[in-house]
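A short write-up of the structure that comes next.
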Amino acid sequence: MEHYFDNYKRQLSLLLDRNRTLKYKYAIFKAVKPDDIVIDFGCGTGILGFFALQAGARHVYAIEETSIIDYAKQLANKNKFTDKITFINKSGHELTKQDIPQQVDIILSEPISNLLLEGNAWSAIEHLKSFLKDGGLILPAAGTLFMVPVNSAPRTFYDSEFFIGEKNVYNLDFMELPRHVFYKSTLDETAWLSKPQPLLQFNLLSDTLSDTFRNSIKFSIHQSGQLFGVEFFMNVQIFGNITLTSRDQQEYPSWSPLFAPSSFNPYICRGDLLRITVWNKVLSPYKCEWNLEFTHHSKLLLFNDTWWRAESAIPTLAPGVILSDNGLLFLHRDEFSQYDCDTELEWDFIQLFPKKLNCNEICQTILQSEKYSLSHEELMDNLIQLLHKLLINSLIDLPIPSERFQVTNFHSKIYIP
Ligand SMILES: C[S@@+](CC[C@H](N)C(=O)[O-])C[C@H]1O[C@@H](n2cnc3c(N)ncnc32)[C@H](O)[C@@H]1O
């Protein structure tokens, strides 16, 4: 099987990312002192080790498990570094004192994926720490992977959905293909349903590094919307104040934020709690499975809940809201003009809302129903849910008995193929 990085084009694309490479160069020139002994772990084309020698290092041990190391040797020769580099074509886990017979001042590496962890590289760095002098340095110094639930899916998801999990594509059935994979995310912050939270945080020197993890994060929802999935992005501190992030908009970026679709798409409301537990499994180098377990504590109350009919429960709502006999809540028409609406249906529905409620979402729901050719019933269902959500937003501070709230659990398994 071809190794992910045993590929000249992939290594070239790392060099083409000038933002990444120059930041590493600045960091290495700041960190390396004359006569330092350096490990360049996962050296690829050898670039980080070459920077270290340019910065004055005495010797570099360049470790790489793929055959790309042959290019690194040629480049070392061409740039007259051969005497100062020992190339070791091995996995980082297998290194012994015979390979590296002295303690080193600095370990350099770039083991960073969009999800921070990269194959089995982090545990290899943990092993390499035994070769580091007391007071030695590791670059990068630290990394954080953030996670945030989002209210829409990026284009890459919809584009791939055409091929993945569709019944009729080119007259063939593609339903067998897994739909739950990571997609490149181009969403902006308006899609965030909550504040991003750190899911994984490492200080490479002081923490014990591992390739797998499990963590559980609680999100307080600050914007209502339908949960489509989760966005991940990472920040890395290379050295001092020199940092990289997958949210950088650069030419030839090596990283991007990723979107993971959730297996279920409930409406979640401002004030709800969403707990997401994440754990990963390394299936083989560069093949990973991530599991996402969601627990949604919802403030959504069903329209037919008898609680609405209890006299004491009748809330003081926005002007124009009444409680109907069948338990549904309706809103009076309030100064809307039919000319504000694009379709008759939109007008019918908006008549149910007081003006202070934002009708953008209603328009979007209607437009989406046209795009995905939903039936009238499906559209009405969506609109009712939306009405419900907008109402809940205005009820958010009501003392609703907690047993009325729904708790829903669901699970998504996401693959990095
Ligand atoms: C993202 S690339 C970085 C290459 C180069 N350092 C650069 O900055 O352009 C990571 C490299 O680490 C190597 N690598 C990953 N895990 C390794 C391991 N356990 N042992 C040896 N090399 C490894 C990969 O083959 C790949 O060439």
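Just so it is clear, none of the values below were taken in a lab; they were calculated from the coordinates. Small disclaimer: the values here were computed from a predicted structure and weren't measured. We place every Cβ from the backbone using ideal geometry, glycine too, and count neighbours over all the protein chains shown.
Given bins 5 angstrom wide, list per bin the percent of all Cα-Cα distances in the stretch 121-256, short to long.
Going out from 0 Å in 5 Å bins, the stretch 121-256 shows 2, 8, 14, 15, 16, 14, 12, 8, 5, 3, 1, 0, 0 percent.
Given Lys73/Lys184; Lys73/Lys97; Lys9/Lys167, which pairs have Cα atoms separated by over 25 Å?
Distance filter (> 25 Å) returns Lys73/Lys184; Lys9/Lys167.
Taking R0 as 30 Å, what's the FRET efficiency between Lys9 and Lys80 from their Cβ-Cβ distance, rounded to 0.05?
So, using R0 = 30 Å, E works out to roughly 0.65.
Take the Cα of Arg155, step 7 Å along the line toward its Cβ, and report every residue of the stretch 232-254 whose backbone nitrogen sits under 19 Å from that point.
Residues 247-254 qualify, since their backbone N sits under 19 Å from the label point.
Report Rg/Rh for the stretch 8-110, rounded to two decimals, where Rg is the Cα radius of gyration and Rh the Kirkwood radius.
That ratio equals 0.93.
I'd like the distance between the alpha-carbon centres of the stretch 150-195 and the stretch 19-70, rounded to an integer number of Å.
38
How would you rank 186-192, 55-61, highest first, on the average number of other Cβ atoms within 10 Å across their residues?
In decreasing order of mean packing, 186-192, 55-61 become 55-61, 186-192.
Please give the peptides 231-238, 288-295 ranked by average Cβ packing (other Cβ atoms within 10 Å per residue), highest first, as a rough proxy for protection.
Averaged packing, sorted descending, gives the order 231-238, 288-295.
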